[in-house]
Amino acid sequence: MLIPQSQQFDIWSDKLTIPVLALDIVIFTIYKWELCILVTKRNEDNIHGYSLPGSIVAKWYSLSENFDEVLKRKTGITHGVYKEQLYTFWENSARDPRGHVIALAYYALVKAESLLSQVDFTLVDIVTVEQFMKLHIFYEHDEIFRYALKRLKDKLWYTDIVKNILSEEFRISEMQKMYEIILGRSLDKLNFQKKIFSLGIVTETWKKDTSTNRPAKLYRFVEKKQLKFIDML
């Protein structure tokens, strides 16, 4: 059930002495072997542009409940999402021309097949990272995006976060491809496999992927655990 949307005409009053709280989400997925995010279309003062899915925080509800509500109302997605609080953007009081807004930012990961089975494309567009950087972005959401992308790249090296966009069973080559797509660069195959196997985060399923002419072993992740810093250079 969605959080009831109360009338918000008074929150931008010049008489308001406290900032407005908003919750904005950077939603990542790997679509057609490219790192993509979801954006919402906006039209401010006859200027066409985009923003991240977001909304004013509803009182009496937890941030987690607000996140779920924003995700459902702004994108149609209700499940299969990894979410993590990112940062509180408060330094720029002119971020939103309507008033002083503090942005509570999250980033999320969704597997492409899960996203495509739920998302409402009348509400959002899916764009690549490169495309996003060329769009007209409102509310300095590009700053939130850059922070989220850096966090995602950093976490590849010391968590198993990549499992949130991989299939439950996968080739090691698919796992490496995900790393390369997110990092935006190639990795040495032998060095990558050596590092991943030494960490003990994946295990064989004793099955093979026979969907190509070159069958390969399938792996899955073991229990969630923090990793030591991985140097893939």
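Data overview
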read-out: Unique match (being of a type outside the set (D, E, K, R), more than 24 Å from THR78 (Cβ to Cβ) and out of contact with any Phe, Trp or Tyr (no Cβ under 7 Å at 6 or more places or on another chain)) among SER173, SER167; value: SER173
read-out: Which listed residue, of LEU109, LEU21, is within 12 Å of the chain's Cα centre (by Cα) and either closer than 26 Å to ILE126 by Cα or at pLDDT 95 or above (or both); value: LEU109
read-out: Matching helices (runs of 4 or more DSSP H) fully within segment 45-163 where at least 3 residues are among the acidic types (Asp, Glu) and farther than 27 Å from VAL222 by Cβ; value: 63-75
read-out: Conditions (1) charged (D, E, K, R); (2) touching a Leu at 6+ places or on another chain (Cβ under 8 Å); (3) at pLDDT below 90; (4) surrounded by 14 or more Cβ atoms within 10 Å (Cβ to Cβ): number failed by GLU140; value: (2)
read-out: Which numbered condition THR212 fails, given (1) modelled with pLDDT under 85; (2) under 28 Å from the mean Cα position of the chain (by Cα); (3) surrounded by fewer than 12 Cβ atoms within 10 Å (Cβ to Cβ); value: (2)
read-out: Residue match in segment 133-141 (condition: out of contact with any Lys or Arg (no Cβ under 6 Å at 6 or more places or on another chain), closer than 30 Å to ALA103 by Cα and without any contact (Cβ under 8 Å) to a residue 60 or more places away in the chain); value: yes
read-out: Hey, PHE229 among the aromatic types (Phe, Trp, Tyr), at pLDDT 90 or above, farther than 28 Å from PHE132 by Cα and not assigned by TED's automatic domain parsing to the domain that holds TRP33 or not; value: no
read-out: Inter-residue pairs, beta-carbon under 6 Å, first of a type in the set (Asp, Glu) and in segment 29-49, second at pLDDT 95 or above, 6+ apart; value: GLU34/THR128
read-out: Which listed residue, of GLU130, GLU168, is surrounded by fewer than 16 Cβ atoms within 10 Å (Cβ to Cβ) and over 25 Å from ALA103 (Cβ atoms); value: GLU168
read-out: Residues that are under 23 Å from LEU116 (Cα atoms), of a type in the set (A, V, I, L, M, F, W, C) and touching a residue at least 40 places away in the same chain (Cβ under 8 Å), drawn from segment 150-176; value: LEU152, ILE161, ILE165, LEU166, PHE170, MET175
read-out: Among (1) in the same structural domain as THR210 (by TED's automatic domain parsing); (2) part of a helix (DSSP H, G or I); (3) at pLDDT below 95 - the single one SER167 does not satisfy; value: (2)
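The values are calculated or read from the model by the stated rules, or taken from the named source; none is laboratory data. Quantities reported herein were computed from a predicted structural model and do not represent experimental measurements. Positions of Cβ are generated from backbone atoms using ideal geometry, with glycine treated the same way; all protein chains shown enter the neighbour counts.
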